[in-house]
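Contents: one structure, followed by commentary.
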Amino acid sequence: MINRKYFLRILWITIWILAAHINILANTYYEGEPKNVKYVFLFIGDGMGHAQVSTTEAYLAALKGNTGFEPLNFSGFPHIGQSTTYANNRLITGSAAAGTALATGKKTNINRISMDPAATVPYETIAEKAKKQGFKVGIVTSVSIDHATPAVFYAHQPDRDMYFEIGIDLINSGFDYFAGGGFLIPDGMWNDQEVNLTTLAAEKGYAVVNSAEAFRNLKPGNGKSLVLSPRTAGGASLPYAIDTHPGDLTLADFTAKGIEMLSGDEGFFMMIEGGKIDWLGHANDAASLVREMIAFSEAVDKALDFYHEYPENTLIIVTSDHETGGLSLGHVATKYETNVELLKYQRSSVEELNKIVAHFRVNQSGDSEEDFNRMLRALEFDLGLHNRKYGTLLDDEEMAVLKELFMTTVMGIGTEKGSYGYSEPFMAKAIEIMNKKAGIAWGTGSHTGVNVPVYAIGTGAERFTGVIDNTDIPKIIGELMGVLSSEF
Ligand SMILES: [Zn+2]
């Protein structure tokens, strides 16, 4: 069926491409050569493969009662390619090595933060090159600001787990705008003194902002700024999109503020990471993932607004470092059937659902049958395993499997009681059942080695088509910005 909105979107994109080309021709005619790109947005959906995009688009269509795809804003970009992801020493990469490739144009070993495989030589990053050439630089993420993907743009460390040292590198980078969750290791020893990273950042001239009001009041006149989310979830990250409360700051808010802070004649390079798409891939939680993807695309919307104002100088790239979870839009049990709409009934992320399990473990009534029935009601409501349209979704066999897991891993009958932290086997099974009902499967709880999509719009966007290596991405950006040196 023809989707009118989709056609309108294609139409305006076409108009903008034509307008941009006419502009380039005009510039070529008058100035002899095309203008360099002045404003660059590099969006990295951590763990975002093709299936993450397709599943979200199928979900958006299903919400409207349609079969098919409701395109995300970046799916409509005029230039689309794909990128390899493999690391120097492993086919299936990790965020540090993949990020180093995207930031420096060089492959390295797993866990390195913009250093060579032997961890002796720092690799200069596209963000550092841009800064040196007078561009303003912004680094934005939905996870902690010292996590691997943001870190590879401003830090040089042998291991991604050296969070405190990465935080020191952040402060010393002198970059103009940082926005993210918090610091994972905020206190440590530096130059024989005990320091707190937030305090040190303020001493070094950063306007440190960690309330919604201060965020609203933050203006370009405040100079270099470090924005930390007023409310954080596990791992000093922003809450998952599905768990967001009204008034929480979002990745889109951080992106819009970044544009406000960095805009000007100098031009800017801004990296924006949707970091928790990856976490939900690790947890195999599809309903939370599609919401996280939508929040990521809302951040892209802010860049598109800017692009429409400055189409001839702006470049937006939306890509990923690797796929996470081996996500499959299709399930062996449901064969050719899907019911992606079911995902809308889930109200909480795996993180919040695990807290419910932990609550039942420590607040047992003494009647485990009754506890299971109460747990079941929580599952029906928060996971969406019961709803008005479909009734209860659990069949007898699934109910038996869940009960068995509840009795052993939550009530502790027949096994040791204990906390499972990140992963609760009971909830993992319940979410797996929910995903199966929707027709969605996962191949792994880790990363996969497949190529990832690259979407581009703006000046030079056509350079990102075809199959390219992940190391090509910063090289092409550097060329277009005119910040390349012999080192690259
Ligand atoms: Zn990653």
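The values are calculated or read from the model by the stated rules, or taken from the named source; none is laboratory data. Just so it is clear, the model here is predicted, and its values are computed rather than measured. A quick note on method: Cβ atoms are made from the backbone with ideal geometry, for glycine too, and the neighbour counts reach across all protein chains shown. SASA here: full protein model, heavy atoms, side chains in, ligands and nucleic acids out. Shrake-Rupley method; radii C 1.70, N 1.55, O 1.52, S 1.80 Å.
A few notes on this one:
- The H on the amide N of Asp176, modeled in the peptide plane, is under 5 Å from the matching H of Val137, each at least 5 residues off or on a different chain.
- Angle of helix 286-309 to the longest C-alpha principal axis of the chain, folded into 0 to 90 degrees and rounded to 10: 20°.
- Here the simple spin-label model places points 7 Å from the Cα toward Cβ, and for His359 and Asn172 these points are separated by 4.6 nm.
- Here the chain has 53 percent of its accessible surface on carbon and sulfur atoms, given a 1.4 Å probe and all protein chains in place.
- Relative contact order (%) - criterion: Cα under 8 Å, at least six apart; region: the chain: 25 percent
- Accessible surface, the chain, averaged per residue in Å² (probe 1.4 Å): 41 Å²
- As a length-normalised measure over Cα pairs under 8 Å and 6 or more apart, the relative contact order of region 364-488 settles at 14 percent.
- Net charge contributed by nearby residues that have their C-beta within less than 12 Å of Asn89 (K/R +1, D/E -1): +2
- For region 339-438, alpha-carbon Rg relative to the globular expectation (2.2 N^0.38 Å, N residues): 1.02
- Taking a point 7 Å from the Cα of Glu479 along the Cα-to-Cβ direction, the residues of region 435-463 with backbone N closer than 15 Å to it are 459-463.
- Cβ-Cβ distance of Asn373 and Glu266, R₀ of 41 Å, FRET efficiency by 1/(1 + (r/R0)^6): the value works out to about 0.05.
- In order along region 135-143, the phi-based Karplus estimate (6.51 cos²θ - 1.76 cosθ + 1.60, θ = phi - 60°) of 3J(HN,Hα) comes to 6, 7, 10, x, 10, 10, 8, 9, 10 Hz; Gly and Pro are listed as x.
- The chain: angle of helix 350-362 to the longest principal axis, Cα-based, in degrees nearest 10: 40 degrees
- Net charge over other residues, Cβ less than 11 angstrom from the Cβ of Asp469 (K, R count +1; D, E count -1): +2
- At 1.567 mPa s and 4 °C, Stokes diffusion of the chain via Kirkwood alpha-carbon radius, µm² per second: 55 µm²/s
- Basic side chains Lys and Arg get +1 at the Cβ, acidic Asp and Glu get -1 at the Cβ, and with that the dipole of the chain about its Cα centre reaches some 900 debye.
- Between His386 and Glu462, the contour length at 0.36 nm per residue exceeds the alpha carbon distance by 22.6 nm.
- Degrees separating the helix 368-378 axis from the principal Cα axis of the chain, which is the longest one: 40 degrees
- Straight-distance candidates among the lysines for linking to Lys403, with alpha-carbon spacing under 23 Å and chain neighbours fewer than 8 residues away dropped: Lys355, Lys417, Lys429, Lys436, Lys437.
- Those lysines that a straight Cα-Cα span of less than 17 Å connects to Lys64, excepting residues fewer than 8 apart in one chain: Lys5, Lys344, Lys389
- Region 118-235: relative contact order as a whole-number percent, Cα under 8 Å and 6+ apart: 24 percent
- By the rule of a C-alpha distance below 22 Å, with chain neighbours fewer than 8 residues away ignored, the lysines paired with Lys204 are Lys129, Lys131, Lys132, Lys136, Lys219, Lys224, Lys257.
- Selection of chymotrypsin sites (Phe, Trp or Tyr not before Pro), region 379-460, meeting DSSP coil and at most 16 other Cβ within 10 Å: Tyr390, Tyr420, Tyr422
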